[in-house]
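Structure, as structure tokens:
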Amino acid sequence: MVKVLVVDDSVFMRTIIRDIITKDPSIEVVGTASNGVDALEKIESLEPEVVTLDIEMPKMNGIQVLEELQKAKKRPRIVMVSSLTSRDAEMTHQAIRLGADDFMLKPKDIPQVREIGAELISKIKHLVTLAPSRPVSRPKGKAPSATRVVLIGSSAGGPPMLDSLLAALPATIPAGIMVTQHMPTGFTAPLAERFNRIATMDVKETENGDMLETGKILLSKAGVHTIVSGVIEGNNRRTGRIIHSNAPPIHGVRPAVDKTYESAAHVFGKNIVSVTLSGMGNDAGAGALAIKQAGGVNLVCDEKDCLVYGMARSVISKEAADKILPLNKLAGEIERVVLKMEAENV
């Protein structure tokens, strides 16, 4: 049984969050708090394993709670519950830097709050399985430009899967990695910061002009499409550069996985591995088909490991999936395929 403390200054939000997470029999809400002072007292007395923590609260806000918890010898896992505003995005980024473990976004419309239930339950249960954060040893010096690329696409239910996948991929893999995760504008920076504590490689949010580098992970910036543009370097070495595009959303999202997959197919051709994880809608299918037609390899996560199977199913429906694998097998298969590509290009 996972013991959870719910912290929010809104009685409505405390009630809704408590109701939706206790639908899972493995979660017990041991208490609620309406402000940061109350939260700190109940963290000490109730010893919850996970705290859902609002940002804006009277007396003491969520950021101040995190600052106080840095002094504690033992602290619970923290999920920040953020509103979809630019101020909340900045404060969520600050919260991650202060040690928050994850964040959850409140829908703009109150009636939609219950729709986040499955994802919040997934995050809570996932957090208690994570090992304590530890310093990650990473290769030093400038990384070479990538001539092979691993593209990962996900949406709802994707971040916990990305935790597992990025932690399992070896830092020595001879490819650049790009993750496109559907997120509201402003929230991919804290997500990249969070992944950087978990992954074996450096993770950063994309900037216009970034080069794809071997052993580095780029996370597509929210609010713009991430286009891969071809670059020819010395010795006729073909690599890719990131171009941000303000073109209209596709499938109602920007960045769209299809845009990244399709543009990369033109640049890297047969030297692409795509991996499509959990997500709602059809984004990824057309892009995966472009990768297949260019000679690349498309992997899809098995439905039993996905919160939502729309994106992965769109790849399968285009007959573009080369393998459907459980989440715990994906990293090994990615490495196997990339090493095979490297051997064939020598």
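The values are calculated or read from the model by the stated rules, or taken from the named source; none is laboratory data. As the structure is a computational prediction, the values presented were derived from the model and not from experiment. Neighbour counts are summed over all protein chains in view; Cβ atoms, including those assigned to glycine, are modelled from backbone coordinates with ideal geometry.
Tell me whether segment 325-340 contains one or more residues that are surrounded by fewer than 19 Cβ atoms within 10 Å (Cβ to Cβ) and assigned to a loop (DSSP other than H, G, I, E, B).
yes
Within segment 40-55, can one find any residue that is in a loop (DSSP other than H, G, I, E, B), under 26 Å from ASP109 (Cα atoms) and of a type in the set (Asp, Glu)?
Within segment 40-55, none of the residues are in a loop (DSSP other than H, G, I, E, B), under 26 Å from ASP109 (Cα atoms) and of a type in the set (Asp, Glu).
Just need a number here: residues in segment 240-277 that are crowded, with 24+ Cβ neighbours inside 10 Å, assigned to a helix (DSSP H, G or I) and among the aliphatic types (A, V, I, L, M).
The number of residues fulfilling the criteria is 3.
Inside segment 287-315, can you point out the residues that are over 19 Å from the mean Cα position of the chain (by Cα), part of a helix (DSSP H, G or I) and buried (at least 18 other Cβ atoms within 10 Å of the Cβ)?
GLY287, ALA288, LEU289, ALA290, ILE291, LYS292, ARG313, SER314, VAL315
What are the residues in segment 73-132 that are surrounded by fewer than 15 Cβ atoms within 10 Å (Cβ to Cβ) and in contact with a Gly (Cβ under 7 Å, 6 or more places away or on another chain), if any?
SER86
In this structure, does VAL50 turn out to be crowded, with 20+ Cβ neighbours inside 10 Å, at negative phi and modelled with pLDDT of 95 or more?
Judged against the criteria, VAL50 is a match.
Report whether or not GLY279 is of a type outside the set (Asp, Glu), closer than 30 Å to GLY117 by Cα and touching a residue at least 24 places away in the same chain (Cβ under 8 Å).
Yes; evaluated as a whole, the condition is true for this residue.
Checking the structure you have, find out if any residue of segment 59-70 is under 17 Å from ARG194 (Cα atoms), out of contact with any strand residue (DSSP E or B) (no Cβ under 6 Å at 6 or more places or on another chain) and in contact (Cβ under 8 Å) with a residue 40 or more places away in the chain.
No: zero hits.
Could you give every pair whose Cβ atoms fall below 6 Å, whose first residue belongs to segment 240-251 and is under 17 Å from ASN208 (Cα atoms), and whose second residue is small (Gly, Ala, Ser), counting only separations of at least 6 or pairs across chains?
ARG241/SER229; ILE243/SER229
Which ones in segment 102-123 are touching a strand residue (DSSP E or B) at 6+ places or on another chain (Cβ under 8 Å) and not in a loop (DSSP other than H, G, I, E, B)?
Once the filter is applied, which keeps residues that are touching a strand residue (DSSP E or B) at 6+ places or on another chain (Cβ under 8 Å) and not in a loop (DSSP other than H, G, I, E, B), segment 102-123 yields ASP102, PHE103, MET104, LEU105, ILE116, GLU119, LEU120, ILE121, LYS123.
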